[in-house]
Amino acid sequence: MGSFSVWHWLIVLLIVVLVFGTKKLKNIGSDLGGAVKGFKDGMKDGQPGAAAPAGDDKTVAPAAQVAAASPVADKNTIDVEARPKH
């Protein structure tokens with residue numbers, strides 16, 4: 001009574017396929033797989049002492065932070081100072 005049977009899951013799967021279509025479900029699956037792979041690669045890169053992959057001959061320099069040359073770098077940027085709460 002508390003769990004679903006195989007027939008319940010088949011009906012849910014059929015409804016999902018009818019609503020989204022197989023092509024969109026395939027795209028969602030590949031996007032999710034790419035996101036998981038990117039997350040794993042990011043976790044490996046973020047660990048200190050982690051070795052670069054053997055097939056990776058390219059070395060990528062970290063992006064340098066760009067300091068604004070003038071006080072008004074962009075009209076959409078608001079420069080404020082944070083004040084501590086008292």
Cβ contacts < 7 Å: first residue modelled with pLDDT of 85 or more, restricted to segment 29-48; second residue exposed (fewer than 10 other Cβ atoms within 10 Å of the Cβ) and part of a helix (DSSP H, G or I), any location; separation 6+ or different chain. Result? none
Check on Gly21, surrounded by 10 or more Cβ atoms within 10 Å (Cβ to Cβ), at positive phi and at pLDDT 70 or above: yes
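The values are calculated or read from the model by the stated rules, or taken from the named source; none is laboratory data. This is a predicted model, so every value here is computed, not measured. Reconstructed Cβ throughout: ideal geometry from the backbone, glycine too, with neighbour counts over all protein chains shown.
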